[in-house]
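Student: Take a look at the following structure, please.
Just so you know, all these numbers are worked out from the coordinates, no wet-lab data involved. Keep in mind the model is a prediction, meaning the values are calculated, not measured. Every residue, glycine among them, receives a Cβ derived from its backbone with ideal geometry; neighbour counts consider all protein chains shown.
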Amino acid sequence: MDPAAQVIGDVTIEAGASVWPFTVLRGDQDNYVTLGRNSNVQDNSVLHVTPQFPCVVGANVTIGHRAVVHACTVMDNVRIGIGAVVLTGAVVEEWAQVGAGALVPPGKVVPAGWLVMGVPAKPVRKMSQEELDDIARNATEYLDLWHRDYRGQVLHSDISPRSDGLVCPEMSECKT
C-alpha cells in the first residue's frame, strides 16, 4: 500500500494486491471492503460501502486512475477504466470491462466478457480473446510494477500458487 493512500475501517487487502497513491478504501458504515489477490487500485480512486452493500473486488482486477467503486461487486479478471464509476448494488461479472468515464447505474449487471461504455453504461460488444488476454496482462503488469517500484524487485516469474488459492510473490510473505 502506498503511504499516501488511506485505508479506513473494515478492509481486507489480499496477497499481491496493490493500493496506489491518494486512493481511499473505506469500510465504514458497518460494512466492509475486500480487495482480491493481485488486484490493483490506481491513483485517486475510491472504494466505499453503504450499510446495505459491501464493496467486493475479486482477484486480478485493475481499477484505473480516479475510478469510484461504490458498494458493489466486481468479480475476478475485470478492468474498470480510468474515471469510471460503478454505483451501489451493481455487479461487474468476470472478464468484463467498464470503459473509461463510464457510469454503471445502481443495481446494473455488466455481463461477463462484455465491454460497457457511456453514461449510463451500456453493452457495446462482446470482447475478443485478445482483449480478454489484455485484461489479464494489465493486472500482471501492475503487480510487476508494484514490486519493481515499491519493493525493488520484479517477481512475476517467481509467483507461486498456494493450496488455498492465494498467489504470493514469496511463500514466506503470504499472510491470510
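Student: Output the antiparallel fraction of DSSP beta bridges having both residues in the chain, as a percent to the nearest 5. Can you show the working numbers first?
Tutor: Values: 6 of 41 bridges.
About 15 percent, rounded to the nearest 5.
Student: For the chain, with only Lys/Arg (+1) and Asp/Glu (-1) charged at the beta-carbon, what is the dipole magnitude about the Cα centre, in debye rounded to 20?
Tutor: 480 debye
Student: Continuing with the same structure: I'd like the projected area of the range 1-100, averaged over all directions, using the convex hull of its alpha carbons. Report it in nm² with one decimal.
Tutor: On the way: hull surface 19.3 nm².
Projected area, direction-averaged: 4.8 nm².
Student: Got a sec? How would LEU35, LEU143 order by Cβ neighbour count within 10 Å, fewest to most?
Tutor: The most exposed by this proxy come first: LEU143, LEU35.
Student: Let me ask you something else. Taking H as built 1.01 Å from N, whose amide H comes closer than 5 Å to the amide H of SER45, not counting residues under 5 places away?
Tutor: THR23, VAL24, ARG66, ALA67
Student: So for the chain, taking the charge dipole from beta-carbon charges (+1 Lys/Arg, -1 Asp/Glu), which of ALA4, VAL78, SER18 sits furthest toward the positive end?
Tutor: In the chain, that residue is VAL78.
Student: For a quick check: sort LYS126, LYS108 by the number of other beta carbons within 10 angstrom, fewest at the front. Show your work: numbers first, answer last.
Tutor: Numbers: LYS126 12, LYS108 18.
The most exposed by this proxy come first: LYS126, LYS108.
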